[in-house]
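Taking it in order: structure first as structure tokens, then the write-up.
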Ligand code: ADP
Ligand code: MG
């Protein structure tokens, strides 16, 4: 495997931030570390990037143990949540910063930097101050600065958390394009399931410093291994170890009777609460389908599944 993480553990005094974390990643894969705030995502990323000292474990990148070497020797690059750009420097100076330490002549560095600006659709921005840029543009500069050193592994810590919804969608596409242009492997930390669904080849779902499930987005959603997985990705009706997703309750003439007790407009879909066999279930229907009203009798089919 391209990256292997073995039994990573890190404590801050008596807080166990992560415990016995193991996973591996293939070359060119985009893996999302997903989980609620405080579950240990940043700690994993910083352990791999070399910004914190781990208590125990192994980190093997391209067949080389890197857990004991400095961050600048690791062939990883990190894009931080707050971008960490130099506010007093221009766009091009920010982008080529990492080349200073790699014995590049200024002229060659500038050439590389200009090439990077083109790839990132920032042509013409070289002499602008980064503080004058929009959030999305700053994000591109941060990506350029990380990519210019040609890392083997790109680490991204909640890179889209400061962007509005529209821009997030654009930047997700952009990241997939960058993966193909640079042939790069990425670990992407997020608490946002939409980020994970949109870009991840696989998701590492975390809970309280431990891995809950590792799988493709599709498998985690359709075959959650635990109650935590079931509830973190999407929502579900559940009880007695059985669950049904709200969109999996179907309306059918041959179905069984239920009563609509609540309804809510959600934009592209409606969310209903229906009562069926003395139990309430959430059910969703797209807004191009027939609308129901409170008190309506509906006929439903559903298959409850085991977690
Ligand atoms: P996430 O990125 O998923 O929000 P973190 O990896 O930042 O989670 O934090 C995991 C746990 O470790 C949290 O309980 C957090 O409070 C704790 N923690 C993180 N960094 C430090 C630190 N420098 N000192 C003490 N505790 C920390
Ligand atoms: Mg974090």
Seminar exercise, completed: In the set 30, 21, 25, the lone residue that is within 18 Å of residue 215 (Cβ to Cβ), within 16 Å of ligand 2 (Cβ to nearest atom) and touching a residue at least 60 places away in the same chain (Cβ under 8 Å) is 21
For this session: Could you pull out the residue among 167, 156 that is assigned to a strand (DSSP E or B) and within 22 Å of the chain's Cα centre (by Cα)?
Result: 156
For this session: Could you check, for the range 95-115, whether at least one of its residues is closer than 14 Å to residue 149 by Cα, in contact (Cβ under 8 Å) with a residue 60 or more places away in the chain and not in a loop (DSSP other than H, G, I, E, B)?
Result: no
For this session: Go through the range 209-307 and tell me which strands (runs of 3 or more DSSP E), entirely inside it, have 2 or more residues that are over 30 Å from residue 42 (Cβ atoms).
Result: 237-239, 242-244, 250-265, 269-276, 279-286, 297-301
For this session: For the range 240-276, name all the residues that are on the phi > 0 side of the Ramachandran plot and either within 29 Å of the chain's Cα centre (by Cα) or at pLDDT 95 or above (or both).
Result: 241, 267
Exercise. Scanning the range 1-18 for residues that are within 16 Å of ligand 2 (Cβ to nearest atom) and touching a helix residue (DSSP H, G or I) at 6+ places or on another chain (Cβ under 9 Å), which turns out farthest from residue 183 (Cα to Cα)?
Worked result: 12
Seminar exercise, completed: Filter the range 36-56 for residues that are at positive phi and crowded, with 20+ Cβ neighbours inside 10 Å; the one that is nearest to ligand 1 (Cβ to nearest atom) is 40
Problem set entry | Which listed residue is touching a helix residue (DSSP H, G or I) at 6+ places or on another chain (Cβ under 8 Å) and over 30 Å from residue 28 (Cα atoms), from 238, 206, 270 | 238
Exercise. Touching a residue at least 12 places away in the same chain (Cβ under 8 Å) and within 16 Å of ligand 2 (Cβ to nearest atom) - does that describe any residue in the range 50-63?
Worked result: yes
For this session: For residue 22, state whether it is in a loop (DSSP other than H, G, I, E, B) and more than 12 Å from ligand 1 (Cβ to nearest atom).
Result: no
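The values are calculated or read from the model by the stated rules, or taken from the named source; none is laboratory data. Just so you know, these numbers come straight off a predicted model, no measurement behind them. For neighbour counting, all protein chains shown are included, and Cβ atoms are generated from backbone atoms with ideal geometry for every residue, glycine included.
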